[in-house]
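All remarks here apply to the structure that follows.
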Amino acid sequence: MRNLFRVLLFALLPAAALAADPAAQYPSKPIRLLGQSVGSTADYLSRYLGRKLTERWGQPVVVDNRSGAGGTIAADVVAKANPDGYTLLMGHAGTQVSAVSLYKNLPYDPIKDFAPITLVAKLVTVLVAHPSVPAKDVKGLIAYAKQKGNLNYGSAGNGTISHLTGELFNQVTGLRLQHVPYKGAGAALAGLLSGEVQISFLSPITAHAQLVSGRVKAYAVSSTTRFIAVPDIPSATEAGIPGMQAVLWFGLFAPARTPAPIIAKLNQAVVEILNRPEVKAAILKRGGEVAPSTPAELDAWVRSELKKWTPIIKAAGIKAG
């Protein structure tokens with residue numbers, strides 16, 4: 001009888017170990033990754049990373065785009081999802097930072113309701129214009145805008161970095177460009193190409209094809225030095241607008257209370273993928289720079305961005321509507 005008990009005990013040990021470690025069999029079903037609008041940088045990174053994770057694990061990573069409200073619709077879905085690692089968010093400044101100041105009744109807390117996994121990529125915004133704008137450089141663009149008096153600039157939505165960069169541009173140049181928010185970066189690009197707006201602040205990934213083909217004019221990037229992915233475009237400092245400094249970043253998040261072993265497994269997988277030379281090269285070619293991190297580093301980054309942008313948003317009087 002005692003021997004039978006021992007046999008049963010040893011037989012149950014593996015099952016008990018699996019139950020104690022929720023990451024042991026993760027993932028055992030498809031993962032849903034919420035991005036934002038089709039054609040946006042978040043969409044591109046979500047699909048690219050999703051394919052790589054699918055190849056690694058043999059489980060589909062399905063990109064679920066939820067456009068509008070600066071990405072907060074997608075973020076809210078993830079914040080309220082089951083914390084089992086099967087619903088993830090490609091977050092950014094719009095979802096994790098500016099939304100706090102823009103929305104009076106934001107339905108989630110960007111710190112408390114999410115478990116950070118890793119930073120994915122960092123980029124800049126590019127100040128671009130419709131080909132009909134005659135200015136050859138930023139100085140000429142400022143003069144042209146003052147002459148016209150009513151130029152519009154398009155953004156990916158209220159509170160997105162493309163919106164905040166536009167407000168910074170207004171502040172440092174003394175212009176009063178009229179903000180036109182779109183439901184995502186892809187829609188903002190379409191608005192620029194159609195001439196509905198004359199100026200926009202877009203990521204190199206979103207505007208990649210148009211930058212290559214010359215369908216839009218590029219004046220400067222939102223950084224103090226030239227950006228590695230688009231080295232031919234002057235920095236804001238070179239262009240004479242040193243105050244226009246903004247980082248366009250993307251990070252992977254899970255719902256809060258997702259088991260730490262699952263967060264660790266996700267972090268390990270994504271960081272390994274981002275560190276592959278071919279992945280770095282592919283994202284760089286499209287206009288982005290990979291930025292793998294630890295969960296703690298992503299958490300610290302979000303907190304630092306909140307500290308930076310919250311007073312800027314309040315000082316500019318930027319509202320969600």
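The values are calculated or read from the model by the stated rules, or taken from the named source; none is laboratory data. The structure displayed is predicted, hence computed values, not measured ones. Please note: Cβ atoms are built from the backbone with ideal geometry, for glycine as well, and neighbour counts cover all protein chains shown. Accessible surface is based on the protein model in full, side chains and every heavy atom, while ligands, DNA and RNA are left aside. Shrake-Rupley method; radii C 1.70, N 1.55, O 1.52, S 1.80 Å.
The figures follow:
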{"read-out": "Subset of the range 104-115 (residues that are of a type in the set (A, V, I, L, M), touching a residue at least 40 places away in the same chain (Cβ under 8 Å) and either assigned to a loop (DSSP other than H, G, I, E, B) or open to solvent by 20 Å² or more (accessible area, probe 1.4 Å) (or both))", "value": "ILE111"}
{"read-out": "Qualifying residue in the range 158-170 (condition: in contact with a strand residue (DSSP E or B) (Cβ under 6 Å, 6 or more places away or on another chain) and either of a type in the set (Asp, Glu) or within 27 Å of ASN267 (Cα to Cα) (or both))", "value": "yes"}
{"read-out": "Output for the range 234-245, where each listed residue is surrounded by 19 or more Cβ atoms within 10 Å (Cβ to Cβ) and either at pLDDT below 90 or more than 17 Å from LEU168 (Cβ to Cβ) (or both)", "value": "MET244"}
{"read-out": "Condition check for LYS139: assigned to a helix (DSSP H, G or I), open to solvent by 60 Å² or more (accessible area, probe 1.4 Å) and farther than 20 Å from LEU189 by Cα", "value": "yes"}
{"read-out": "Residue within the range 1-14 that is crowded, with 18+ Cβ neighbours inside 10 Å and either at pLDDT 75 or above or part of a helix (DSSP H, G or I) (or both) present", "value": "no"}
{"read-out": "Residue in the range 276-299 that is part of a strand (DSSP E or B) and open to solvent by 10 Å² or more (accessible area, probe 1.4 Å) present", "value": "yes"}
{"read-out": "Per-region count, the range 198-223, residues in contact with a strand residue (DSSP E or B) (Cβ under 6 Å, 6 or more places away or on another chain), assigned to a loop (DSSP other than H, G, I, E, B) and open to solvent by 50 Å² or more (accessible area, probe 1.4 Å)", "value": "0"}
{"read-out": "Residue in the range 156-168 that is modelled with pLDDT under 95 and farther than 26 Å from THR41 by Cα present", "value": "no"}
{"read-out": "The listed residue being in contact with a Lys or Arg (Cβ under 8 Å, 6 or more places away or on another chain) and in a helix (DSSP H, G or I), out of SER162, SER101", "value": "SER101"}
{"read-out": "For MET90: the one exception among (1) part of a helix (DSSP H, G or I); (2) touching a Ser or Thr at 6+ places or on another chain (Cβ under 6 Å)", "value": "(1)"}
{"read-out": "Test: residue in the range 168-180 that is under 24 Å from ILE283 (Cα atoms) and either more than 21 Å from the chain's Cα centre (by Cα) or of a type outside the set (S, T, N, Q) (or both)", "value": "no"}
{"read-out": "Residues of the range 262-290 satisfying the condition of being modelled with pLDDT under 95 and under 30 Å from LEU102 (Cα atoms)", "value": "GLY287, GLY288, GLU289"}
{"read-out": "Test: residue in the range 116-124 that is open to solvent by 30 Å² or more (accessible area, probe 1.4 Å) and under 19 Å from the mean Cα position of the chain (by Cα)", "value": "yes"}
{"read-out": "Subset tally (residues that are buried (at least 16 other Cβ atoms within 10 Å of the Cβ) and part of a strand (DSSP E or B)) for the range 50-84", "value": "3"}
{"read-out": "Subset of the range 246-275 [open to solvent by less than 10 Å² (accessible area, probe 1.4 Å), within 16 Å of TRP57 (Cα to Cα) and among the small types (Gly, Ala, Ser)]", "value": "ALA269"}
